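The values are calculated or read from the model by the stated rules, or taken from the named source; none is laboratory data. In this text, all values refer to a predicted model and were calculated from it rather than measured experimentally. Counting neighbours? That spans all protein chains shown, and the Cβs are built from the backbone with ideal geometry, glycine included. In case anyone asks, the SASA skips ligands and DNA or RNA and just uses the protein heavy atoms, side chains included. Shrake-Rupley method; radii C 1.70, N 1.55, O 1.52, S 1.80 Å.
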Amino acid sequence: MRLDSDITQIKGIGEKTAECFYKLNIHTVQDLLYYFPRKYDLYSEPVEPSEDQVGERIAVCGIILREGKPVRVRNLTILNTWIRVGGQGMKITFYNMPYLRNALKCNRKYVFCGVLKQNHTGFYMEQPKLCKPEEYDAMTQALQPVYGTTEGLSCNAIRKAVLASREQIPFLRDCLPENLIVSHALPKLNDAVENMHFPQTIDAYVQARKRFSYDEFVAFLLSLKMMKADYRYMKTIYPMIPVAYPNRVLERLPYQLTAAQKRTYEEIVQDLCTDRVMNRLIQGDVGSGKTIIAFLALLMCAGNGYQAALMAPTEVLAKQHFTQFTQLLQQNCLPFRCVLLTGSTSASARKEILPGIADGSVQIVIGTHAIFQDSVHYHALALAITDEQHRFGVKQRERLVHKGVTTNVLVMSATPIPRSLAMILYSDMNLSVIDELPVGRKPIKNCVVDESYRETAHRFLLKEIASGRQAYVICPMIEDNEETDLVSVTEYYDRLQASMPETVRIGLLHGRMKNTEKNRIMEAFAAGNIDILVATTVVEVGINVPNATVMMIENAERFGLATLHQLRGRVGRGAEQSYCIFMNGSKKEKENARLNILLKSNDGFEIANEDLKLRGPGELTGVSQSGDFPFQIADIYRDADILRWADEDTDRIMEDLAGGREAEYREYLDYLQTVQNNKVDFRSI
């Protein structure tokens, strides 16, 4: 069997099971081997609960004292049962699992693994993992991989398939040059794959992750350096001069630009008025005013007789940009035609829009990735702006640029990254930093609380809603999973609906929804037709709701500080006072200290620097900290040292390739092309 063999060649996988794997984009044996666990469970010996363990994930072995009876509350089914652990009683609660009533028999012994909680009645657990004692004993022998699953395919089925594939292909040849393996003490590919799936120790996993983090960074940085080489000597065919239209808008704005905004706009004008193609990044905190700078750049380009395009990461944000920009044109009587082009634009509307783009009568196009589809032909695309650049793949951005031959590129990002890392991650671009907020913004009031505060927080949400405001609640998981003790967004939505008055309008939003449904929910929230939006980090970018005044983040300890700061930036966009509640599900002092950084500062760059200092080798669980970057394993904070190695090594690789030594790297480049998330064609180097 070969790596490119279909997964049906793996023992135990038939056509029906293969269809489930295909849903996870696993088509070949190689795809399966590089489909790594999203986390690992480390099962410790069962203990008796104590106050010192509250907030920790522990296992208890208890005897069922009383069989539970499922209770239905709106869309939520609650099953409570009581156990005896040692000499004390303990309550166990399951949500939407009524079938467990028949499994949990009186006087039988089970192991319950979850986060220990305590209230005035005593210790309790919610949604713990349930095992028979003999099953749990077997799980304590090694780290247990937990894979992302889909309907019809369990975590255990994926484990078995990986084991079978390793039996059929017991050795993987490593293509990384030996000198790089030795200099960084990286594990060989074969060992790294084995220890990503089935690590016997935490150290074995950390070493394997180190190898794949390195490979991901190398792939990403090579793609950047290829693009930089393309731009270095590229002359523009769209010469420009300063025009009056942006100044006319500036004179009539109801506010003054900050010094940082003025400096950034001047840098853009200087770039556009040279004979070289612009390739610039605007890095600014959430709410720092990047959008108005982008609008001024669009007008500068249109005023010189060319076309410009602005690409947003979501349809809702694209529509908001389009509405704001067309209002700007109308208020200032500017003679330009602007159109909106997204995936949901009707066929009849496209028939009207596309000819205007092709003949140049449309000067400005705002939309999503739809603006660079093959059917869209530009007359003279001189400027391409992308909002939240890393939400788009390198190939997507290249396709937009190539629509205009030598198109000037301006990208915007609200991801707060330490300057030392930004110089590497944005090495292909000139950098403008907007490091101050507009005058008049009220600072967001923050608090870090434990789970005992949740009911108080919910009452606060109701108070804000009664005042006509709206709120977000963020959860780290999309759906229930027996392998984790985290509260999922779907479960939280059901619980909140059951506990809130029926007059409160609650919406649900997560990344697995169809785009049409996601857009419908976000538009309803933006229009004020939803009071509380329960969501995952899908709202981190792509929605602007000035009326939202509360951001409540569950399991805040599971997110990086940069991500938490960006989520916080979804509120505080209007004139009213806004609030952010960080719900800490851990009692660890380290987590409290980390989250308290957010109380001391609203400056994203300062927070990012603190996050960089705090990130160590990492843990077995948690949400990726890398935010917008397209890494599956690597994390720019935790793996900052590895990122620096990769930066130095890719410089040498580029030099060696330019010097005719491509044979030394050809197999490694093929490997990066085939198995890494970044799909740049390295064969074109």
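Determine if segment 331-347 includes at least one residue that is among the β-branched types (Val, Ile, Thr), part of a helix (DSSP H, G or I) and touching a helix residue (DSSP H, G or I) at 6+ places or on another chain (Cβ under 9 Å).
no
Of these, Gly305, Gly287, which one is at pLDDT below 95 and either open to solvent by less than 50 Å² (accessible area, probe 1.4 Å) or not in a helix (DSSP H, G or I) (or both)? Reasoning before the result, please.
Details: Gly305 fails: at pLDDT below 95.
Residue meeting the stated conditions: Gly287.
From the residues in segment 362-371 that are in contact with a helix residue (DSSP H, G or I) (Cβ under 8 Å, 6 or more places away or on another chain) and within 19 Å of Arg337 (Cβ to Cβ), which one is most open to solvent (accessible area, probe 1.4 Å)? Can you show your working first?
Start the filter on segment 362-371 by keeping residues that are in contact with a helix residue (DSSP H, G or I) (Cβ under 8 Å, 6 or more places away or on another chain), which leaves 362-369, 371.
From what's left, within 19 Å of Arg337 (Cβ to Cβ): 362-367, 371.
Values: Val362: 0, Gln363: 36, Ile364: 0, Val365: 2, Ile366: 0, Gly367: 0, Ile371: 0 Å².
So the residue we want is Gln363.
The conditions are (1) crowded, with 18+ Cβ neighbours inside 10 Å; (2) over 30 Å from Asn602 (Cβ atoms), and Pro313 fails exactly one of them. Which is it?
If we test Pro313 against (1) crowded, with 18+ Cβ neighbours inside 10 Å; (2) over 30 Å from Asn602 (Cβ atoms), just (2) comes out false.
Mind checking which residues of segment 34-48 are within 19 Å of His197 (Cβ to Cβ) and either open to solvent by less than 20 Å² (accessible area, probe 1.4 Å) or not aliphatic (A, V, I, L, M) (or both)? I'd like the intermediate steps shown before the answer.
Just the residues of segment 34-48 that are within 19 Å of His197 (Cβ to Cβ), to begin with: 34-43.
Correct list: Tyr34, Tyr35, Phe36, Pro37, Arg38, Lys39, Tyr40, Asp41, Tyr43.
State the number of residues belonging to segment 90-124 that are assigned to a strand (DSSP E or B) and touching a residue at least 40 places away in the same chain (Cβ under 8 Å). Spell out the reasoning first.
Step one: filter segment 90-124 for residues assigned to a strand (DSSP E or B), giving 90-95, 109-115, 117-119, 122-124.
Keeping just the survivors that are touching a residue at least 40 places away in the same chain (Cβ under 8 Å) gives 90, 95, 109-115, 117-119, 123.
Adding up the residues that qualify gives 13.
What about Ile7, is it closer than 19 Å to Pro170 by Cα, of a type outside the set (Lys, Arg) and either surrounded by 15 or more Cβ atoms within 10 Å (Cβ to Cβ) or in contact with a Cys (Cβ under 9 Å, 6 or more places away or on another chain) (or both)? I'd like the intermediate steps shown before the answer.
Numbers: closer than 19 Å to Pro170 by Cα: yes; of a type outside the set (Lys, Arg): yes; either surrounded by 15 or more Cβ atoms within 10 Å (Cβ to Cβ) or in contact with a Cys (Cβ under 9 Å, 6 or more places away or on another chain) (or both): yes.
Yes; evaluated as a whole, the condition is true for this residue.
Kindly list, by first and then second residue, each pair from a residue in segment 569-590 that is over 27 Å from Val439 (Cβ atoms) and of a type outside the set (Val, Ile, Thr) to a residue that is at pLDDT 85 or above and in a loop (DSSP other than H, G, I, E, B), limited to pairs with Cβ atoms under 6 Å and residues at least 6 apart or on different chains.
Met583/Glu554; Asn584/Asp450; Gly585/Asn555; Lys587/Val54
Where residues in segment 224-254 are part of a loop (DSSP other than H, G, I, E, B) and β-branched (Val, Ile, Thr), which of them is nearest to Leu329 (Cα to Cα)?
Let us first name the residues in segment 224-254 that are part of a loop (DSSP other than H, G, I, E, B), namely 233-234, 236-244, 253-254.
Subset that is β-branched (Val, Ile, Thr): 236-237, 241, 243.
Numbers: Thr236: 27, Ile237: 27, Ile241: 20, Val243: 15 Å.
My answer is Val243.
Filter segment 421-445 down to residues that are assigned to a helix (DSSP H, G or I) and in contact (Cβ under 8 Å) with a residue 24 or more places away in the chain and give me whichever is most open to solvent (accessible area, probe 1.4 Å). Talk me through it step by step, then tell me what you get.
If we filter segment 421-445 for residues that are assigned to a helix (DSSP H, G or I), which is where we start, we get 421-425.
From what is left, the residues that are in contact (Cβ under 8 Å) with a residue 24 or more places away in the chain are 421-422, 424-425.
Numbers: Leu421: 0, Ala422: 2, Ile424: 18, Leu425: 1 Å².
Only one residue fits best here, namely Ile424.
What about Glu134, is it under 30 Å from Ile63 (Cα atoms), loosely packed, with under 12 Cβ neighbours inside 10 Å and without any contact (Cβ under 8 Å) to a residue 24 or more places away in the chain? Explain how you work it out, then say what you get.
Details: under 30 Å from Ile63 (Cα atoms): yes; loosely packed, with under 12 Cβ neighbours inside 10 Å: yes; without any contact (Cβ under 8 Å) to a residue 24 or more places away in the chain: yes.
Judged against the criteria, Glu134 is a match.
Would you check which residues across segment 146-182 are hydroxyl-bearing (Ser, Thr, Tyr) and either under 24 Å from Gln673 (Cβ atoms) or open to solvent by less than 20 Å² (accessible area, probe 1.4 Å) (or both) and list them?
The initial filter retains those residues of segment 146-182 that are hydroxyl-bearing (Ser, Thr, Tyr), namely 147, 149-150, 154, 165.
Once the filter is applied, which keeps residues that are hydroxyl-bearing (Ser, Thr, Tyr) and either under 24 Å from Gln673 (Cβ atoms) or open to solvent by less than 20 Å² (accessible area, probe 1.4 Å) (or both), segment 146-182 yields Tyr147, Ser165.
When segment 446-480 is examined, which residues are found to be in a helix (DSSP H, G or I) and either open to solvent by less than 70 Å² (accessible area, probe 1.4 Å) or β-branched (Val, Ile, Thr) (or both)?
Applying the first criterion (in a helix (DSSP H, G or I)) to segment 446-480 yields 451-466.
If the condition is that a residue be in a helix (DSSP H, G or I) and either open to solvent by less than 70 Å² (accessible area, probe 1.4 Å) or β-branched (Val, Ile, Thr) (or both), then Glu451, Arg454, Thr456, Ala457, His458, Phe460, Leu461, Leu462, Glu464, Ile465 are the ones that fit.
State whether the residues of segment 394-403 include one that is buried (at least 20 other Cβ atoms within 10 Å of the Cβ) and modelled with pLDDT of 90 or more.
No: zero hits.
Name the residues in segment 139-164 that are free of Cβ contacts under 8 Å to residues at least 60 places away in the same chain and part of a helix (DSSP H, G or I), would you?
Asn156, Arg159, Leu163
Look through Asn602, Asn609 and report the one residue that is touching a residue at least 24 places away in the same chain (Cβ under 8 Å), within 23 Å of Ile434 (Cα to Cα) and outside any helix (DSSP H, G or I).
Values: Asn609 fails: outside any helix (DSSP H, G or I).
Among Asn602, Asn609, only Asn602 is touching a residue at least 24 places away in the same chain (Cβ under 8 Å), within 23 Å of Ile434 (Cα to Cα) and outside any helix (DSSP H, G or I).
Does Arg337 count as of a type in the set (Lys, Arg), open to solvent by 30 Å² or more (accessible area, probe 1.4 Å) and either in contact (Cβ under 8 Å) with a residue 40 or more places away in the chain or farther than 27 Å from Glu251 by Cβ (or both)? Walk me through how you get there before you give the answer.
On the way: of a type in the set (Lys, Arg): yes; open to solvent by 30 Å² or more (accessible area, probe 1.4 Å): yes; either in contact (Cβ under 8 Å) with a residue 40 or more places away in the chain or farther than 27 Å from Glu251 by Cβ (or both): no.
So Arg337 fails the test.
Give the number of residues within segment 10-33 that are in a loop (DSSP other than H, G, I, E, B) and either charged (D, E, K, R) or crowded, with 19+ Cβ neighbours inside 10 Å (or both).
First pass over segment 10-33, keeping only residues in a loop (DSSP other than H, G, I, E, B): 10-14, 24-27.
Checking which are either charged (D, E, K, R) or crowded, with 19+ Cβ neighbours inside 10 Å (or both) leaves us with 10-11, 13, 26.
Residues that pass the stated criteria total 4.
Within segment 255-270, which residues are surrounded by 14 or more Cβ atoms within 10 Å (Cβ to Cβ) and in a loop (DSSP other than H, G, I, E, B)?
Leu257, Thr258
Which of the residues belonging to segment 8-38 are among the acidic types (Asp, Glu) and over 26 Å from Ile633 (Cα atoms)?
Glu15, the sole residue that qualifies.
Mind listing just one residue for me: the one in segment 372-389 that is small (Gly, Ala, Ser) and either over 22 Å from Leu272 (Cα atoms) or part of a loop (DSSP other than H, G, I, E, B) (or both) and, of those, most open to solvent (accessible area, probe 1.4 Å)? Reasoning before the result, please.
Just the residues of segment 372-389 that are small (Gly, Ala, Ser), to begin with: 375, 380, 382, 384.
Filter once more, keeping what is either over 22 Å from Leu272 (Cα atoms) or part of a loop (DSSP other than H, G, I, E, B) (or both): 375, 380.
Numbers: Ser375: 58, Ala380: 15 Å².
Taking the candidates together, the pick is Ser375.
Conditions tested, residue by residue: (1) acidic (Asp, Glu); (2) crowded, with 17+ Cβ neighbours inside 10 Å; (3) over 27 Å from Arg38 (Cβ atoms); (4) without any contact (Cβ under 8 Å) to a residue 60 or more places away in the chain.
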{"position": "Pro187", "(1), (2), (3), (4)": "no, yes, no, yes"}
{"position": "Glu216", "(1), (2), (3), (4)": "yes, yes, no, no"}
{"position": "Ser223", "(1), (2), (3), (4)": "no, yes, no, no"}
{"position": "Pro242", "(1), (2), (3), (4)": "no, no, yes, yes"}
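Quick one: is Asn592 more than 18 Å from the chain's Cα centre (by Cα) and either open to solvent by less than 50 Å² (accessible area, probe 1.4 Å) or among the hydroxyl-bearing types (Ser, Thr, Tyr) (or both)? Working first, answer last.
Details: more than 18 Å from the chain's Cα centre (by Cα): yes; either open to solvent by less than 50 Å² (accessible area, probe 1.4 Å) or among the hydroxyl-bearing types (Ser, Thr, Tyr) (or both): yes.
The answer is yes for Asn592.
This table checks each residue for (1) in contact with a helix residue (DSSP H, G or I) (Cβ under 6 Å, 6 or more places away or on another chain); (2) modelled with pLDDT under 90; (3) open to solvent by less than 40 Å² (accessible area, probe 1.4 Å).
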site	(1), (2), (3)
Tyr637	yes, yes, yes
Glu655	no, no, no
Gly660	no, yes, no
Glu667	no, yes, no
Ser684	no, yes, no
